[in-house]
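Before any comments, here is the structure.
The values are calculated or read from the model by the stated rules, or taken from the named source; none is laboratory data. Nothing here was measured: the structure is a model prediction, and the numbers come from that model. Backbone-built Cβ (ideal geometry, glycine too); neighbour counts: all protein chains shown.
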Amino acid sequence: MTDDTLMTPREPQLIALNVNGERHEVITEARRTLVDVLRHELRLTGTHVGCEHGICGACTVLVDDRPVRACLMFAAQAEGARIRTVESLADGNRLSDLQRAFSEHHALQCGFCTPGFLMLAEGFLAERPEATKEEIREVVAANMCRCTGYQTIVEAIDACATARRRACAQTCPSKED
Amino acid sequence: MTRQERGRPLVGRSVPRREDRRLVSGRGRFVDDIALPGMLHAQFVRSTVAHGEIMSMDLSAVRRVPGVVAAFTADDLAIADITAQLGRPRSQFVPTAMPVLARDKVRYVGEPLAIVVGLDAYAAEDGLEAAHVEYAPLPPVLGEETALADDAVLVHDEAARNTLVDVSLFATDGIDDIFDAAHRVVEVDVTTGRQNALPLETRGAVAHWDDREEQLLLQTCTQVPHQVRTVASRCLRLDERAVRVVVPDMGGGFGQKCVVGREEIAAAAAALRLGRPVKWIEDRKDALSASFLAREQHYRARAAFDTDGRILALDADVVCDMGAYSCYPFTAGIEPLMASAEMPGVYKVPAYRVRGRAITTNKAPTAPYRGVSRPQYVMVVERLFERAARELGLDPVEIRRRNVITDFPYTGVNDITYDPGSYLESLNLCERVVRDEGWYDTRTAAAAEGRHIGIGYACFSERTGYGSSAFAQRKMQVVPGFDISEVRMDTSGAVTVTTGTMSHGQSHETTMAQIVADALGLDIARVRLHQGDTDRVTYGWGTFASRSITVGGSAVRLAAERLGDKLRAIAAALWDTEPEQVELAGGHVRRRGGDGAHDVLTHQEIAEVAYLRADLLPKDIEPGLTATATFDVFNDGTFSNATHGVVVELHQGTGKVEILRYVCVEDCGVAIHPQVVEGQCRGGIAQGIAGALYEEVTYDAVGEPSATSFMDYKVPTAQEIPEVSIHHLETPCAFTATGAKGAGEGGTIGAPAAVLNAVNDALRPTGTELDHTPITPQTVHRALNPEPVP
Ligand code: FES
Ligand code: FES
């Protein structure tokens, strides 16, 4: 263990974060979680906090393309990684297909859990575009929603995945090639 | 929306939700998203003992913690207590004060004692650890038996036997004789676990004094902004106009946020003291253990039946454990009074007797939670019917058929008049769907293989549209019920509408706009809703009891119609015709029968006359375009109804209850937005299943709550909540301006009863019947695997 890992929690440090393709430098206490730094230092308040102990998934963001609970990670640990938050999904005012699917399927009511589910799905579908509805349900079970009863969230993600596959079948070179 | 669709009414269609764009983009604004210059952060020193006298509290070390700005006790802040009242004789109701910060005594683990304010939430939390509090512990009162004992230790000195409410509302003459003479009497002893409504966004507030407005601005997530304003102004001794409550986006509430909490008032007091903005965000640990809970009830009930399975009498004793304090404004009466008044539900019960009690214990206090007592009493009544069916050898659906109300309006033995509903139709349809899908055959086949599949139903109504008269019957000293709306059109012809209700996920921005757009013949994109701001909204009772569309939506509709009348009057004057000759539709103002260009005006053209060319208005029309309307329901409310059908399988090895099928047939009158109604049903059902199978806060012998994190409080996920198929029936409501009945709570009301009945159906071969929720795997396992007799 080197000396600087023994810093008292209140001692500030300078860290650099790559969030949504932009580099940010923040002076912050070593003990601050990634979600707190995103929300309160960078003012990217789209990512939410529901439990601070890694169960609800409201704080889910992508770290190097993988869904991660930003309440379980110190901001300092995310240095050097590519972080993506819900704010990155839309292209300007144009919502992404996933965001539109959530709206079309009424996959949100209060919307508090929504950024977490969107990032979870974004990361998962990128990794497994061929996911079945059952697999999607299993993944969705990682996060909590208190309003919707989950069915419409599963349907929204499934519809988005299906539409992407259909579009891909028309334009992508086939996998066997 | 296509051009053809534009002319059609919006009510009844699932138009795209207006709130979605910002919410899916991360641009919603929830309380914790608010940041103000110089803002400080609060946390609360909370009691670590369930019951005790506070001997001393030393915050000096707290104040020395780096980053801590201040720490205040109750005495430092001198805030008045919150006291909820019922206008009932002392024998029926004992009022108790809830201090904003505990002063002399603590009454539950987690009760706030002092507020610590720091530069950030981390610093405030550091401060908590330096607080030094000494208690003289008292024996905790943690259960019904201890609470009601003759020599019980008292939670509140003024409440003998720890009883806050004790009412015997109904007692039909000669009811005992009916029981004596009945062909069959069945009994149940049902208990339900203490639950947390658990909005995903915890409670929170940001408070500061605005010098320019000379106002305290309290931004907080509440379902009842005007009521929070009243309490805040009284506790802080400010004129009510000197307090403005603003509610940003809200991440759910489910009733937990429809009572006034202590922490937001304390945060406001601290902000006033410090002259700086103070933010408080409840953490999940506090939200789970020390926030408002609900649902811990005990029913001893019996019912008398004749040989045909007709119910002759219902007799119940209800005890609700309300925890340490009576919530404002509903009081500790909320659960027992609801249960007592409405227990007969959808059935023709000729004789009825009930006693309802609220007891106080050393547990976190309770608030209303989606469905309030109805999930419980529906479960009790449905259990009674199931048991009677078994004993009389009748089919469980058939016995219900023989007893549901079919002639409307029907005035029950509980003095409530039910408006028309589809009780029998929903029951029949639900059973048919389950039967047609082959679940009865599946059950038979499974039984032959030694598997345990059960089918259960719940048939119920949901009283919604509680107007002032319904709440007045409850004898609340502040009587909720009406709502006021204002519709205002600007010179561009765009409209702003206000509502006193408060959406926390129910899509008011969309549904209220649908109502207004229809009434004015206006494009929905030109309607915008204002809610949750006591300075912008005249007055309102907020959102609870599924009242938003029934009461709030009716006020919105009436106000919009009034504005429509004015638009028509102006157009008529311009055309020199009668207002009846003017119609508002398809985004235009048209002269009936005319088809020329001069027979059509835009809303903007009329609006310009109303504001910018008032000289053109006839003398009897005032300039400007605003209209206000108030709506109240003057009868006993309106009753949505539903039947839920559930198929479960019990797993022999694990005791797991798996839901194989869930069918819901619901009738909420006119559905403004069917997709939103289905969303409410599904979400409600998920919470009902949570109560039936998973969630419970228990307390150990010293009063420590079991559930302090999501490791201990089992919130169901997408793996536990099944798909739900929903069938709609529509019996329009005659008492509301929209024809709608409320749809917010039905799912939660029906699910526990239907699941419990299905589990008991599956357990039938074992001879065991379960009467407690949540139904744990342990109890199911025990029932399926009885220990061998030694
Ligand atoms: S806030 Fe991170 S998992 Fe709940
Ligand atoms: S939409 Fe409210 S928590 Fe999911």
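Please give the helices (runs of 4 or more DSSP H) falling wholly within region B:1-73 in which 3 or more residues are within 13 Å of another protein chain (Cβ to nearest Cβ).
B:20-24
Test residue A:152 against the stated conditions and say whether it is at pLDDT 95 or above, more than 16 Å from ligand 1 (Cβ to nearest atom) and surrounded by 20 or more Cβ atoms within 10 Å (Cβ to Cβ).
yes
Which one is farthest from residue B:748 (Cα to Cα) among residues in region B:451-494 that are at pLDDT 95 or above and of a type in the set (Phe, Trp, Tyr)?
Looking at the filtered set, the residue picked out is B:457.
Does region A:23-45 include one or more residues that are in contact with a Cys (Cβ under 8 Å, 6 or more places away or on another chain) and either away from every other protein chain (no Cβ under 11 Å) or closer than 30 Å to residue A:155 by Cα (or both)?
yes
If a residue must be under 27 Å from residue B:640 (Cα atoms) and in contact with a Cys (Cβ under 9 Å, 6 or more places away or on another chain), how many such residues does region B:707-728 contain?
Looking only at that region, the number is 5.
Please state which one of A:29, A:52 is of a type outside the set (S, T, N, Q), within 16 Å of ligand 1 (Cβ to nearest atom) and free of Cβ contacts under 8 Å to residues at least 24 places away in the same chain.
Exactly one of A:29, A:52 is of a type outside the set (S, T, N, Q), within 16 Å of ligand 1 (Cβ to nearest atom) and free of Cβ contacts under 8 Å to residues at least 24 places away in the same chain, namely A:52.
Check region B:691-714 and report whether any residue there is closer than 30 Å to residue B:385 by Cα and facing chain A (nearest Cβ under 9 Å).
no
Quick one: in region A:75-115, of everything that is small (Gly, Ala, Ser) and within 16 Å of ligand 1 (Cβ to nearest atom), which residue is surrounded by the most Cβ atoms within 10 Å (Cβ to Cβ)?
Selected residue: A:111.
Does region B:130-148 hold any residues that are charged (D, E, K, R) and either crowded, with 18+ Cβ neighbours inside 10 Å or more than 35 Å from the chain's Cα centre (by Cα) (or both), and which are they?
B:134, B:144
Please state which one of A:120, A:72, A:125, A:98 is over 25 Å from residue B:674 (Cα atoms) and either assigned to a strand (DSSP E or B) or in contact (Cβ under 8 Å) with a residue 60 or more places away in the chain (or both).
Within the list A:120, A:72, A:125, A:98, the selection yields A:120.
Scan region B:726-746 and tell me whether some residue there is at the interface with chain A (Cβ under 10 Å from one of its Cβ atoms) and over 18 Å from residue A:147 (Cα atoms).
no
Taking residue B:487, is it out of contact with any Asp or Glu (no Cβ under 7 Å at 6 or more places or on another chain), more than 14 Å from chain A (Cβ to nearest Cβ) and not in a strand (DSSP E or B)?
No: the conditions fail for residue B:487.
Of the numbered conditions (1) touching a helix residue (DSSP H, G or I) at 6+ places or on another chain (Cβ under 8 Å); (2) more than 23 Å from residue B:286 (Cα to Cα), residue B:739 satisfies every one except a single condition; which is it?
(1)
Filter region A:128-146 down to the residues that are more than 8 Å from every other protein chain (Cβ to nearest Cβ), away from ligand 1 (no atom under 16 Å from the Cβ) and assigned to a helix (DSSP H, G or I), then identify the one that is nearest to residue A:61 (Cα to Cα).
Per the stated criteria, the residue is A:136.
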